[in-house]
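The values are calculated or read from the model by the stated rules, or taken from the named source; none is laboratory data. Please read these numbers as outputs of a predicted model, since none were measured by experiment. Because the Cβ atoms are built from the backbone with ideal geometry, glycine has one as well, and the counts that use them run over all protein chains shown.
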Amino acid sequence: MRDLFATLIDQLHRVPEVVVLGAELGPPASAETLARLDAWFDGPVPGDVRAFYAEVGAVQIRWMAAKSPRYVGREDTFLRGVVPWEYALFDTIENAKEDGVLVLPPLDVVLDRSWENLMDGVDIWVGGEIDEGPQVEEGDFDHEVRIFDFSSFYDWPGFFRATGLVGVGTDHGIDWSGERVRFRAHLDDALDEMRGRLSAARRGQTTF
């Protein structure tokens, strides 16, 4: 699985129409942190979830189209290299508006960071659509869902303890109804999105 992300990083560095702001993988999660994941699920951990954290660990890829009007003349406003995770989880996406952001923080960040205050009062059903499966009770979000993806083309993807499937919020978590997919399917979709944006940048597109 690590090769998929490494290949994407290599492709980005080979495209002159793209400015790579930062690109780094891993390290893989430690045995101790994987044991914490076991404890959070309180049962079998889906194989694709475990494989990502055991083989890849974390991903931080950020880039801009070289001729983007949001980049040209503002080059110094974009941070270079790997940024601290507490910054990457929000500010790079919301403030700098990078063209390509694929941010999957390490497992300890996924397990430790609380989003309870943002999800209070949000109706979330484990099955996705309204009344499909049990509902995540108010005040129980951190126990039932772990947000793990802060890429620029999603709102609040999280995997559910009950099923291991991934749900994606919309409008910053106001609506969590919708299809639930397997963790690996979500990663494949994210990689496809990044490849699509890279192809568009090669064609001279500067808005995504």
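Among the residues of region 119-139, count how many are in contact with a strand residue (DSSP E or B) (Cβ under 6 Å, 6 or more places away or on another chain) and not in a strand (DSSP E or B). It would help to see each step written out before you state the result.
At the first step, the residues of region 119-139 found to be in contact with a strand residue (DSSP E or B) (Cβ under 6 Å, 6 or more places away or on another chain) are 125-126, 132-133, 135.
Cutting the leftovers down to not in a strand (DSSP E or B) gives us 126, 132-133.
Counting residues in region 119-139 that are in contact with a strand residue (DSSP E or B) (Cβ under 6 Å, 6 or more places away or on another chain) and not in a strand (DSSP E or B) gives 3.
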List, please: which pairs have Cβ atoms under 7 Å, are six or more places apart or on different chains, and start with a residue in region 14-41 that is under 24 Å from Gly81 (Cβ atoms) and end with one that is part of a helix (DSSP H, G or I) and β-branched (Val, Ile, Thr)?
-> Ala23/Ile9
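Scan region 25-32 and tell me whether some residue there is surrounded by 14 or more Cβ atoms within 10 Å (Cβ to Cβ), among the hydrophobic types (A, V, I, L, M, F, W, C) and in contact with a Lys or Arg (Cβ under 7 Å, 6 or more places away or on another chain). Walk me through how you get there before you give the answer.
Looking only at region 25-32, we keep the residues that are surrounded by 14 or more Cβ atoms within 10 Å (Cβ to Cβ), and these are 25-26, 28-30.
Filter again for among the hydrophobic types (A, V, I, L, M, F, W, C), leaving 25, 29.
Next, only the ones that are in contact with a Lys or Arg (Cβ under 7 Å, 6 or more places away or on another chain) stay: 25.
So far as region 25-32 goes, yes, one or more of its residues are surrounded by 14 or more Cβ atoms within 10 Å (Cβ to Cβ), among the hydrophobic types (A, V, I, L, M, F, W, C) and in contact with a Lys or Arg (Cβ under 7 Å, 6 or more places away or on another chain).
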If a residue has to be surrounded by 13 or more Cβ atoms within 10 Å (Cβ to Cβ) and either outside any helix (DSSP H, G or I) or not aliphatic (A, V, I, L, M) (or both) to count, how many in region 92-111 make the cut?
-> 12
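How about region 31-89: which of its residues are of a type in the set (S, T, N, Q), outside any helix (DSSP H, G or I) and under 17 Å from Asp108 (Cβ atoms)? Steps first, please.
Residues of region 31-89 of a type in the set (S, T, N, Q): 33, 60, 68, 77.
From what is left, the residues that are outside any helix (DSSP H, G or I) are 60, 68.
Across region 31-89, the qualifying residue is only Gln60.
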Filter result (touching a helix residue (DSSP H, G or I) at 6+ places or on another chain (Cβ under 7 Å) and on the phi > 0 side of the Ramachandran plot) within region 156-205 | Gly164, Gly173
Could you grab me the full set of residues in region 79-91 that are among the small types (Gly, Ala, Ser) and either surrounded by fewer than 12 Cβ atoms within 10 Å (Cβ to Cβ) or at pLDDT 65 or above (or both)?
-> Gly81
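Within region 116-140, which residues are buried (at least 18 other Cβ atoms within 10 Å of the Cβ) and farther than 15 Å from Val166 by Cβ?
Initial filter on region 116-140 (buried (at least 18 other Cβ atoms within 10 Å of the Cβ)): 119, 124-128, 136.
Hit for region 116-140 is Met119, nothing else.
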When Gln60 is evaluated against the numbered criteria (1) in contact (Cβ under 8 Å) with a residue 24 or more places away in the chain; (2) farther than 16 Å from Leu187 by Cβ; (3) surrounded by 12 or more Cβ atoms within 10 Å (Cβ to Cβ); (4) of a type outside the set (A, V, I, L, M, F, W, C), which criterion, by number, is the only one it fails?
-> (2)
How about region 128-146: which of its residues are among the hydrophobic types (A, V, I, L, M, F, W, C) and at pLDDT below 90?
-> Ile130
Residue check for Asp76: at pLDDT 95 or above and more than 26 Å from Asp140 (Cα to Cα) = no
Filter region 161-180 down to residues that are at pLDDT 95 or above and either of a type in the set (A, V, I, L, M, F, W, C) or more than 24 Å from Ala54 (Cα to Cα) (or both) and give me whichever is surrounded by the fewest Cβ atoms within 10 Å (Cβ to Cβ).
-> Leu165
Mind listing whichever residues of region 165-204 are under 20 Å from Pro134 (Cα atoms), among the hydroxyl-bearing types (Ser, Thr, Tyr) and without any contact (Cβ under 8 Å) to a residue 40 or more places away in the chain?
-> Thr170
Selection count, region 140-160, where residues are closer than 16 Å to Tyr53 by Cβ, charged (D, E, K, R) and part of a loop (DSSP other than H, G, I, E, B) = 1
